[in-house]
């Protein structure tokens, strides 16, 4: 669907991403200088904010009270800009509504933005004939080859939005959510049941009460809206099959200095400093299994319990699935790891080990993030064709 142009910013400049300082600030290189920039997006953004990526910056001339001179409003991935500025997603959706580009809402009139119901605030109140619509907008920046997912971090606020909209729908209102996907190559949309299982379960349970639209768009170099707009399919059967609390997981543990640790039957094992990746699984109650691993105070049972006690930090990464992927995931991790610990966590299977290590943080590794993309999204492609 072709549309007329819309541009979000004037005088954008391109820099190079260096690192994220905290949730709302990044460090970039611009014209040979290191600058700090405001990041108007609290999401995880692992797959986008990688060192060396080209970022699009705008000066904060209209907001002189900011402590940073720039804001990082977009980042390039695979040659295309991806919008980071979450508030500007509403601007884009307003433009799409005004140009009749969202199915079922053609000719709807925008009555008000930022409408409050109880303790919740929603983005749009529309009218179409005698019917009123309440819409919430979610900005989606997580995607694989053809599958997009939301959210990329746990969002209790987002889940409460769904529940409140459902309550309003039961009172006779027409309510829904527009997921704006900043990736024109996406064809399918799913809630990210790997990252936020509760959100995904709520999303699925309310599918007959709420209007869901996943809309794919593209952005040009100057952050004007691209020509094509598409609606993504939500594969409900795949979601119902895959979104259960079981599957595989990877624990990323940071060991700050070389340590010799007594590990149950393995006895004393030397662990050089680095990032350790432990691959495990739980057919049911995956959430509780991960919560147990995150606790340091517990009765030691598995090999990983001993290493967890000495780790400076532990980051869990769930890979929920109906089928068992544990050994396939372990094999894939072994191919990108710098070394492994023989016999760790593999006493009940034929694998040589389930513990691998890398010198650098895997969260900043293209290879590791590609691995996650495959097991969380791209492997579903065979069921979506």
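The values are calculated or read from the model by the stated rules, or taken from the named source; none is laboratory data. Computed from a predicted model, the values in this text were never measured in an experiment. Here the Cβ is made from the backbone with ideal geometry for all residues, glycine too, and neighbour counts use every protein chain on show.
Per-structure values
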| read-out | value |
| --- | --- |
| Search result, residues across segment 36-59 that are crowded, with 18+ Cβ neighbours inside 10 Å and either in contact with a helix residue (DSSP H, G or I) (Cβ under 6 Å, 6 or more places away or on another chain) or assigned to a strand (DSSP E or B) (or both) | 37, 38, 46, 47, 55, 56, 57, 58 |
| Answer from 194, 161 - the residue that is within 24 Å of the chain's Cα centre (by Cα), crowded, with 20+ Cβ neighbours inside 10 Å and without any contact (Cβ under 8 Å) to a residue 60 or more places away in the chain | 161 |
| Filtered residues of segment 103-126 (kept if in a loop (DSSP other than H, G, I, E, B) and either touching a residue at least 60 places away in the same chain (Cβ under 8 Å) or in contact with a strand residue (DSSP E or B) (Cβ under 9 Å, 6 or more places away or on another chain) (or both)) | 103, 104, 105, 106, 107, 108 |
| Test: residue in segment 84-102 that is at positive phi and either free of Cβ contacts under 8 Å to residues at least 60 places away in the same chain or surrounded by fewer than 18 Cβ atoms within 10 Å (Cβ to Cβ) (or both) | yes |
| Answer residue from segment 234-263, given it is without any contact (Cβ under 8 Å) to a residue 60 or more places away in the chain and over 30 Å from residue 359 (Cβ atoms) and is surrounded by the fewest Cβ atoms within 10 Å (Cβ to Cβ) among those | 237 |
| Some residue of segment 312-328 being out of contact with any helix residue (DSSP H, G or I) (no Cβ under 8 Å at 6 or more places or on another chain), modelled with pLDDT under 95 and within 27 Å of residue 49 (Cα to Cα) | yes |
| Segment 352-374, residues that are in contact (Cβ under 8 Å) with a residue 12 or more places away in the chain and part of a helix (DSSP H, G or I) | 362, 363, 364, 366, 367, 368, 369, 371, 372, 373, 374 |
